[in-house]
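First the structure, in the form of structure tokens, and then the observations on it.
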Amino acid sequence: MRFTRALFQTANRVLTPLERAKLVCWFEETNSLAMVARRYRAEFGMDPPNLSQIKKWHKNFMATGTIRSDDAISAAEMEAEEKPTLASLELEKVLPHFEQRV
């Protein structure tokens with residue numbers, strides 16, 4: 001088990017959204033990368049990501065309000081944001097009938 005954990009620590013892995021969010025939140029609370037690193041090690045039991053990466057995520061969060069990076073948004077998600085939902089289309093059909101009754 002130690003071998004796997006050591007391998008997992010050194011591998012360049014993708015952090016979960018929860019891990020990223022906690023890192024950003026801790027940095028906002030403490031404004032100390034050393035404290036963030038300590039809390040990450042205590043909570044997740046492995047070394048934190050590069051400290052410059054944490055700063056980058058924090059800066060991105062403060063600018064955009066999201067922990068997701070720009071490249072994480074897929075083309076399908078962008079297209080889904082532009083399309084009206086089925087519920088909104090149905091509402092547009094039904095709403096005039098209710099307005100006529102009132």
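Numbers at a glance
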| item | result |
| --- | --- |
| Footprinting exposure proxy for Ser32, Ser52 (fewest neighbouring C-beta atoms within 10 Å first) | Ser52, Ser32 |
| Segment Lys93-Arg13, length gained on full extension (0.36 nm per residue, minus Cα span) | 24.0 nm |
| Extension gain (nm, one decimal) between Ala63 and Glu28, 0.36 nm per residue minus Cα-Cα | 11.3 nm |
| Ranked list, fewest to most other Cβ atoms within 10 Å of each Cβ, for Lys59, Lys22 | Lys59, Lys22 |
| Kirkwood-Stokes translational diffusion coefficient of segment 14-56, alpha-carbon pairs, 20 °C, 1.002 mPa s, µm²/s | 212 µm²/s |
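Each value in this text was obtained by applying a stated rule to the coordinates, not by laboratory testing. Just so you know, these numbers come straight off a predicted model, no measurement behind them. Cβ atoms come from the backbone with ideal geometry, glycine included; neighbour counts cover every protein chain shown.
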